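> Before we start, here is the structure in question, set down as structure tokens.
The values are calculated or read from the model by the stated rules, or taken from the named source; none is laboratory data. Note that the coordinates shown come from a computational prediction; the quantities given were computed from them, not determined experimentally. Heads up, the Cβs are rebuilt from the backbone with ideal geometry, glycines too, and the neighbour counts pull from every protein chain shown. We work out accessible area using only protein heavy atoms, side chains counted, and drop any ligands, DNA or RNA first. Shrake-Rupley method; radii C 1.70, N 1.55, O 1.52, S 1.80 Å.
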Amino acid sequence: MYHPHLRYAKDVRITHVFIICFRGGAELLFDGVKQHHVTLPSQSNHWDIRQLLVWIKDNLLKDRPELFIQGHTVRPGILVLINDADWELMGELDYQLQDKDNIVFISTLHGG
Amino acid sequence: MYHPHLRYAKDVRITHVFIICFRGGAELLFDGVKQHHVTLPSQSNHWDIRQLLVWIKDNLLKDRPELFIQGHTVRPGILVLINDADWELMGELDYQLQDKDNIVFISTLHGG
Amino acid sequence: PELSKTSLSNPEILRYSRQLVLPEFGVKGQLNLSKASVLVIGCGGLGCPVAQYLAAAGIGRLGLLDYDVVELSNLHRQVLHGENRLGTSKSISIAKTLRKLNSTVDYVPYHMILNPKNALKIIQQYDVIADCSDNVATRYLINDACVVANKPLVSASALRWEGQLTVYNYQQGPCYRCLFPTPPPSETVTNCADGGVLGIVPGIMGSMQALEVLKIASGIASSYCGVMLMFDALDGRFRNIRIRGKKPNCVVCSNPTEFSVLQDYEAFCGSSASDKCRMLNLL
Amino acid sequence: PELSKTSLSNPEILRYSRQLVLPEFGVKGQLNLSKASVLVIGCGGLGCPVAQYLAAAGIGRLGLLDYDVVELSNLHRQVLHGENRLGTSKSISIAKTLRKLNSTVDYVPYHMILNPKNALKIIQQYDVIADCSDNVATRYLINDACVVANKPLVSASALRWEGQLTVYNYQQGPCYRCLFPTPPPSETVTNCADGGVLGIVPGIMGSMQALEVLKIASGIASSYCGVMLMFDALDGRFRNIRIRGKKPNCVVCSNPTEFSVLQDYEAFCGSSASDKCRMLNLL
Ligand SMILES: [Zn+2]
Ligand SMILES: [Zn+2]
């Protein structure tokens, strides 16, 4: 997974560049920012969603992480979408991230 | 523009495979069929929209071609979209077709 | 009473002429509509446009269920009520307004709260159910009763600038519990009173809900089986999302008997079925 | 009379509370709305939801223009009229219905046909124009007058199962003539009487139109400048299309003076501004 053209001056290899969106109110846990362009640091294996959740918790979440993550997955009532499809159809926590993926975390709405 | 993997038994080389849609009532000139998967025969140059219009007139149009084409372009009131953008932004008649392009011919609606 | 009809009268042909000429709808679609009954649960921001366009289109019977009365803070989005209806029943208010638009529809107002005791009995009497409710507990109750009664459930919701819509328990699609087996923690649930809502957002989502009910009731397949519509009014964008199918391990789908309807949904969800007494929450 | 307002009354704070709590809207958005005037041209399938949700949201003044009277074949989609309004003016009918929903709005019905003599004078008196008309000639007339008067034009249309919407003459976006310099041949133009329309389709498109008017009138940018929304109700899909910007060679944009408003739009379009006497056309 070595990409010489993505080498940085400090020899940090970049493996994933993609977009994370928070909608339906989930963005309120992230200072109201709905869209984040994210570059993940390189690692020996592909990143999967399981690892991404930990990274989000450590790097983007402002406070009250229990309102986003419970145990090792997202809390009930948040739907995860990978390129406009329910993550259940894509392998859930095991899905391996690809460059330019669009990952959406959306709170379900109940109002009427 | 020779694609050996797209060779057919009869040695007809295929250069373009894409989708043409007719909407807003324009489909009524084409037996009501809204979506056509089209494979154009090969030629020495790229196909452009100007040539595509002639091909549509000769191969898809059922009757009354003047309700679709006037002179060398589409008749007033039909908007041409290339991959969800107004063809004016893409070069109009000179746009060179790419594989998997999505070309839409849509009649403007006036009802309320 | 039975809704039965084998032909359209002359006034009906005139009234519905603009939709009768659509080949995909036609006389057959209109007759199907006139024989169909739809239950609208929740007579608020979503329920108003749903009921309005179903009545206009000539649905046979329209059940209208809401326990609530009209308040001034409803009128920015609940467009079938009015200033002279403040303090009166929402379900009766909608029926009164819509009788003027189309007196040939059979309106059945239910001024009551939907609960585990009455839900199945009411839902069983209708062909299509529209979830226009405003709280998590009622949404789980409606879902479970629809799975047990085997009714298609056209569900929409709206909050702030956003809306969501899908059709549950229809063809091979999922139910609400297949998608959300566990209710959200109650401190993460926001209602319209706390979070606010631009009135036209339930207007748009309710209109889409009316469309899908009309398609199912007239015999055209819905586009939202296994697909969820997401709308953001601030950026004017709609997205169609592919969602999972029916889950073999769903507690309701795997055992759709009347015992699958719980005794207490407020306890299950840790929240009230009335959105009035909720504290202010973060999201 | 001038629409001026510097604060909200207590009943207004209560009535609009659910949208006041939206940070992107807030008191400032509400005050902007209350000072804004919108002209709805066409009180039919699109005009009804546009007027309904603008009135509910608290627009300051609502002009309602239509020359036509209510007919039974309108009621499947023109949901603010009713059986007791048959034969009466559509513009007055809408004002009567909406006064019950929100009596604080200033309703100005115009029971007249828009023509080259009166168009500019009426349009100049409003901040935002909604084109809810039903024929090509009126659409060109409204466009030209809006360019000359420099008013944003939120335009929608619906036919059969499809709808289109965009905002013309707003920021750097095009006008209707930039996009369609030449009218379509009259034999290719279909109206709702001939082609039919499912009633909820103008309901959905009119609701989207109300949203974009509300965004512009409250001071939030529209999402449909240089973008066109296309909707297909049969497959339940929306598409946002990028369209061209303002054209330097557009005959109206390049010379926006009162002389750019033509003398005769029916001759220009080869068709009538009333959709009643049109023959059946292919499309
Ligand atoms: Zn289930
Ligand atoms: Zn122009």
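> Other chains' Cβ within 10 Å of D:228-236 residues: what's the mean?
Mean partner shielding for this stretch: 6.
> Moving to a separate point now. Along the positive direction of the dipole of the protein assembly as shown (beta-carbon charges: Lys, Arg +1; Asp, Glu -1; about the Cα centre), which of D:44, C:184, D:259 reaches farthest?
D:44
> A further question on this structure: Once Rh is set to the Kirkwood radius over Cα pairs, what Stokes-Einstein translational diffusion coefficient, in µm²/s, holds for the protein assembly as shown at a temperature of 25 °C and a viscosity of 0.890 mPa s?
89 µm²/s
> What percentage of the solvent-accessible surface of segment C:1-125, computed with a 1.4 Å probe over protein heavy atoms, is contributed by carbon and sulfur atoms?
Working: 2580 of 4650 Å².
Answer for segment C:1-125 is 55 percent, counting heavy atoms of protein chains only.
> Okay, next question. At the nearest 100 Å², what buried accessible area, both sides summed, do you get for D and C when the probe is 1.4 Å? Mind showing how you got there, number by number?
Numbers: alone 13470 and 13460 Å², together 21650 Å².
Summing both chains' loss of accessible area gives about 5300 Å².
> Something else about it: Sorted from largest down, what three extents in whole angstroms do the Cα atoms of chain A have along their principal axes?
52, 29, 24
> Pop out the carbon and sulfur fraction of the accessible area of chain B as a percent, whole number, probe 1.4 Å.
C and S fraction of accessible area: 50 percent.
> Taking a label point 7 Å out from Cα toward Cβ, give me the nm distances from residue A:32 to the same spot in the other copies, shortest first, one decimal.
In nanometres, ordered from closest: 5.2.
> Hey, another quick one. Compute accessible area for segment D:29-53 by itself and then with all protein chains, 1.4 Å probe, and report residues whose area falls by 50 Å² or more.
D:52, D:53
> In Å², what does the accessible area per residue of the protein assembly as shown work out to with a 1.4 Å probe?
Accessible surface, normalised per residue, equals 37 Å².
> C plus A alone minus the pair: what accessible area, both sides summed, probe 1.4 Å, in Å² to 100?
3000 Å²
> So between residue C:84 and residue C:242, what do we pick up on full extension, going 0.36 nm a residue minus the alpha carbon distance?
On the way: separation 158, 0.36 × 158 = 56.88 nm, distance 4.39 nm.
Answer, rounded to one decimal: 52.5 nm.
> Sum -39500 (n - 2.57) across every DSSP H segment of at least 4 residues in chain D, then divide by the residue count to get the 222 nm mean residue ellipticity, nearest 500. Walk me through the intermediate numbers first.
Numbers: 11 runs with 93 residues, N = 283.
That comes out to -9000 deg cm²/dmol.
> Quick one, can you get me the convex hull of the C-alpha atoms of chain D expressed as volume per residue in Å³? Please list the in-between numbers first.
Details: hull volume 37.0 nm³, N = 283.
Dividing the Cα hull volume of chain D by its residue count gives 131 Å³.
> Would you be so kind as to identify which of C:7, C:81, A:111 lies farthest towards the positive end of the dipole of the protein assembly as shown, taking Lys and Arg as +1 and Asp and Glu as -1 on Cβ and the Cα centre as origin?
The listed residue farthest towards the positive side: C:81.
> Something else: At 7 angstrom along the Cα-to-beta-carbon line, where would the label on residue D:4 sit relative to the other copies? Give the distances in nm, shortest first.
Distances between equivalent label points, in nm: 6.9.
> Cα convex hull of segment D:140-264: mean projected area in nm², to one decimal?
8.3 nm²
> Using a simple spin-label model with points 7 Å from Cα along the Cα→Cβ vector, what separation in nm is obtained for residue D:150 and residue A:94?
6.4 nm
> Which of D:71, D:162, D:83 ends up with the largest GNM mean-square fluctuation for chain D, with Cα atoms connected below 10 Å?
D:83
> Would you mind giving the three semi-axes, in whole Å and largest first, of the ellipsoid equivalent to segment D:12-71 according to its Cα gyration tensor?
Result for segment D:12-71: semi-axes of 27, 11, 8 Å.
> Using the structure shown, list the pairs from D:5/D:247; B:34/B:100; D:151/D:247 with a Cα-Cα distance above 26 Å, or answer none.
Check vs 26 Å cut-off fails for D:5/D:247.
> Report in % the part of the accessible area of segment C:141-190 that belongs to carbon and sulfur, leaving out ligands and nucleic acids; probe 1.4 Å.
The computed percentage sits at 43.
> Expressed as cubic angstrom per residue, what is the convex hull volume of the alpha carbon set of segment C:63-160?
So the per-residue hull volume is 108 Å³.
> Mind checking which of B:18, D:103, C:273 is farthest towards the positive end of the protein assembly as shown's charge dipole, using Cβ charges of +1 (Lys, Arg) and -1 (Asp, Glu) about the Cα centre?
Of the listed residues, the answer is D:103.
> What ³J(HN,Hα) values, in whole Hz, does the Karplus curve 6.51 cos²θ - 1.76 cosθ + 1.60 give for segment A:94-100 when θ = phi - 60°, with x put for Gly and Pro?
Using θ = phi - 60°, the values come out as 8, 4, 8, 5, 10, 4, 6 Hz.
> How long are the semi-axes of the equivalent ellipsoid of segment C:125-182, defined as square roots of 5 times the Cα gyration tensor eigenvalues? Whole Å, largest first.
Working: eigenvalues 66, 29, 26 Å².
In descending order, the three semi-axes are 18, 12, 11 Å.
> Hey, another quick one. Output ³J(HN,Hα) for segment A:46-59: one whole-Hz value per residue in order, computed from phi by the Karplus curve 6.51 cos²θ - 1.76 cosθ + 1.60 with θ = phi - 60°, and x for Gly and Pro.
Those phi angles translate into 4, 6, 10, 5, 4, 6, 4, 4, 5, 4, 4, 4, 7, 10 Hz.
> When the chain is fully extended, how far beyond the present Cα-Cα distance does residue A:46 get from residue A:63, taking 0.36 nm per residue of separation? All intermediate terms of the calculation are to be shown ahead of the outcome.
On the way: separation 17, 0.36 × 17 = 6.12 nm, distance 2.77 nm.
Using 0.36 nm per residue and subtracting the Cα-Cα distance, I get 3.4 nm.
> Please compute the average number of Cβ atoms from other chains found within 10 Å of each residue's Cβ in peptide C:203-214.
6
> Calculate the FRET efficiency for residue C:9 and residue C:100 from the Cβ-Cβ distance with a Förster distance of 35 Å, rounded to the nearest 0.05.
My answer for the efficiency is 0.95.
> Right, next: Among the residues of chain B, which one places its Cβ closest to the rotation axis that maps chain B onto chain A, and what is that distance in whole Å?
Its Cβ sits closest to the axis: B:84, 8.
> Right, next: Under a 5 Å amide H to amide H cut-off, with H placed in plane at 1.01 Å, what residues pair with residue C:221 once short-range neighbours are removed?
Amide H neighbours of residue C:221, under 5 Å, 5+ apart: none.
> Using modelled amide H (1.01 Å from N, peptide plane; none on Pro or chain starts), what sits under 5 Å from the amide H of residue B:33, excluding residues fewer than 5 places away?
For residue B:33, whose amide H was placed from the backbone, there are no distant partners under 5 Å.
> A follow-up question, please. Which distances, shortest first and in nm, link residue D:251 to the matching position in the other copies, using label points set 7 Å out along Cα to C-beta?
For residue D:251, the other copies' label points sit at 7.0 nm, shortest first.
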